[in-house]
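The values are calculated or read from the model by the stated rules, or taken from the named source; none is laboratory data. The model shown is predicted, which means the values in this text are computed figures rather than measured ones. Don't worry about glycine lacking a Cβ; one is built from the backbone with ideal geometry, like all the others, and counts go over all protein chains shown.
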Amino acid sequence: MRHLLLACLIAATSFAHAEVIDIDNAQLDKLRQSGVPVVDIRLQSEWEETGIVGGSKLLTFFDEKGRADAAGWLEKVKPFAKPNEPVIVICRTGNRTKAVSQFLSQQAGYTTVYNVKSGIKGWIGAGGPVVPATQTIASCKAAKTC
């Protein structure tokens, strides 16, 4: 009986954590074109500096001092990225999204999280298209979602 209980606990634990998958630029392009939402977690100044991947949802995770309100951020993500659906997270170079991906998978119950391993800098460096962030920033500020 003890072995059966242990086996059930191990099986339940393996399903409790989402899969975090590091992706490259080609995979980012394919996934976003198939409708997987892209969440850009950078600061507004970074969005303005480089532009954004078209269609990205702009939602800063860490503030200028590296602090985060994970619960508040998660409530803003849920309307467009549900825990049972795949989501892509992107930042400047892929470092901040590692932590956010782990948070989504291990604490927030997201089943499939794609981490853009080279970030927006890698995307731009490989010739990936970006759009100016101005209109998207204005829209998300008006809706209080960024």
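Does at least one position in region 54-63 carry a residue that is assigned to a helix (DSSP H, G or I) and not hydrophobic (A, V, I, L, M, F, W, C)? No - not one qualifying residue is present in region 54-63.
Contact map, region 54-68: first residue without any contact (Cβ under 8 Å) to a residue 12 or more places away in the chain, second residue assigned to a loop (DSSP other than H, G, I, E, B), Cβ cut-off under 8 Å, separation 6 or more or different chains; pairs are Ala68/Phe61.
All of Thr134, Thr93, Thr111 fail the test of being surrounded by fewer than 18 Cβ atoms within 10 Å (Cβ to Cβ) and in contact with a Gly (Cβ under 6 Å, 6 or more places away or on another chain), apart from Thr93.
For Gly35, the conditions (1) on the phi > 0 side of the Ramachandran plot; (2) in contact with a Phe, Trp or Tyr (Cβ under 8 Å, 6 or more places away or on another chain); (3) not polar (S, T, N, Q) all hold with the exception of (2). Checked against the criterion of being at pLDDT 95 or above, in a strand (DSSP E or B), in contact with a helix residue (DSSP H, G or I) (Cβ under 8 Å, 6 or more places away or on another chain) and closer than 20 Å to Gln27 by Cα, the candidates Ile124, Ile88 yield just one match: Ile88.
Only one of (1) surrounded by 15 or more Cβ atoms within 10 Å (Cβ to Cβ); (2) in a loop (DSSP other than H, G, I, E, B) fails for Ser101. Which number is that? All conditions are met except number (2).
Could you please let me know if Glu48 is surrounded by fewer than 21 Cβ atoms within 10 Å (Cβ to Cβ), acidic (Asp, Glu) and assigned to a loop (DSSP other than H, G, I, E, B)? So Glu48 fails the test. Close contacts from region 120-141, counting a first residue that is of a type in the set (Ser, Thr, Tyr) and a second that is modelled with pLDDT of 95 or more, with Cβ to Cβ under 6 Å and a gap of 6+ residues or different chains, come to Thr136/Leu58.
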